[in-house]
1. In region 54-68, how many are open to solvent by less than 70 Å² (accessible area, probe 1.4 Å) and out of contact with any Phe, Trp or Tyr (no Cβ under 9 Å at 6 or more places or on another chain)?
2. Restricting attention to region 88-107, report how many residues are touching a residue at least 60 places away in the same chain (Cβ under 8 Å) and open to solvent by 70 Å² or more (accessible area, probe 1.4 Å).
3. All but one of (1) in a strand (DSSP E or B); (2) open to solvent by 20 Å² or more (accessible area, probe 1.4 Å); (3) modelled with pLDDT of 85 or more hold for Ile253; state the number of the condition that does not hold.
4. List the pairs whose first member sits in region 199-224 and is under 21 Å from Thr293 (Cβ atoms), whose second member is open to solvent by 20 Å² or more (accessible area, probe 1.4 Å) and acidic (Asp, Glu), and whose Cβ atoms are under 7 Å apart, counting only residues at least 6 apart or on separate chains?
5. Within region 108-139, how many residues are open to solvent by 60 Å² or more (accessible area, probe 1.4 Å) and either touching a Pro at 6+ places or on another chain (Cβ under 7 Å) or under 15 Å from Val169 (Cα atoms) (or both)?
Amino acid sequence: MTTTTTSLDHSTTSPLQKAIWIAAGMMLVVIASVAFSQAWSANAAPGDDDATYVPIPNCRAFDFRPGESPAGGKKTPLGPGETYEQQITGAVGDCTIPSSAVGVAMNVTVANGTAQSNLRVYPGDVVTVPTVSNLNWLPGDSPTPNKVDVKLSPTGTINIYNQNGNVDVIGDIAGYYTSETLQELNQSVGLLLESRPFVESNTIEPNLLTLLTNVPTSRVSVSVTAPVAGQVTVDSRAVVGHAVAGGDTFCYINDTEAADDRHQQRFEADDNANFGTLAGSRVFDIAQGETKTFHLVCRESIDGGTMDSRTLTAMFTPAKSL
């Protein structure tokens, strides 16, 4: 007995199925481009650590200077060795950043520094202050800006650390990074790949003849698990014969091991008790995630019938709504 699984030949695909594959190919090109451009996370699946950039109109999230807009938030200078946790996601200052953001692109400015110092901006859930600085200044310098990209904590915060003296910090957001788009894209591509047509086949090769009785019995079976809702077209082919003249062999394609007279294949014996071929086809609906086992059920009208080789092939195709 041999069991095989094959992909559907492209020559048998419908225009709908071809359209599905074209869309899947386009999405895979996008994912490949993202993976190439973000080599630092090439081993991560889309949606794990990768992110796409979403530019927004510049907005001011915070300004530590008293009397300056926005009015809310911290309004005192950052002191020596002080770390301040700043909320970024949500409605903060003049900005509204979605909770799906995993990072932000900022223009960070320091002003009114009282000592030679540096500023370090890093995710709000990181405990240890990093050794790399984002801005450096001398006392009396004019306001000093710098572009800062920073990852957010799971709650959407960043830490701001000042090494020496006092300094005011201003944060303007130009855009944010989100993995949400890649997650949706990855799910869509996965669904498209899973829902491609495929074939499951089971063949029992010629061997010693199998005797048939009047009791309907499964003679070959094949199972299909549907990744999405769709249909399964089951085709059968069997070589049958008679040890005695006058008997008829009946076969049925079914999703149970019972005979179904509505889908009956019949081989009628003649006086020479010869062999012949029975073939048939039947279509079944199948739900997403459902596993169905299909059978070729055969019987003989009188004891003495025989069966030789037989094949059962099940072809899954996704529902048209895909």
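1. Within region 54-68, residues that are open to solvent by less than 70 Å² (accessible area, probe 1.4 Å) and out of contact with any Phe, Trp or Tyr (no Cβ under 9 Å at 6 or more places or on another chain) number 5.
2. Qualifying residue count, region 88-107: 0.
3. (2)
4. These pairs meet every condition: Ser218/Glu257; Val222/Glu200; Ser223/Glu200; Val224/Glu200.
5. Selection size over region 108-139: 7.
The values are calculated or read from the model by the stated rules, or taken from the named source; none is laboratory data. These figures come from a predicted structure and were not determined experimentally. Cβ: placed from backbone, ideal geometry, glycine included. Neighbour counts: every protein chain shown. These area figures cover heavy atoms from the full protein model, side chains too; ligands, DNA and RNA do not enter into them. Shrake-Rupley method; radii C 1.70, N 1.55, O 1.52, S 1.80 Å.
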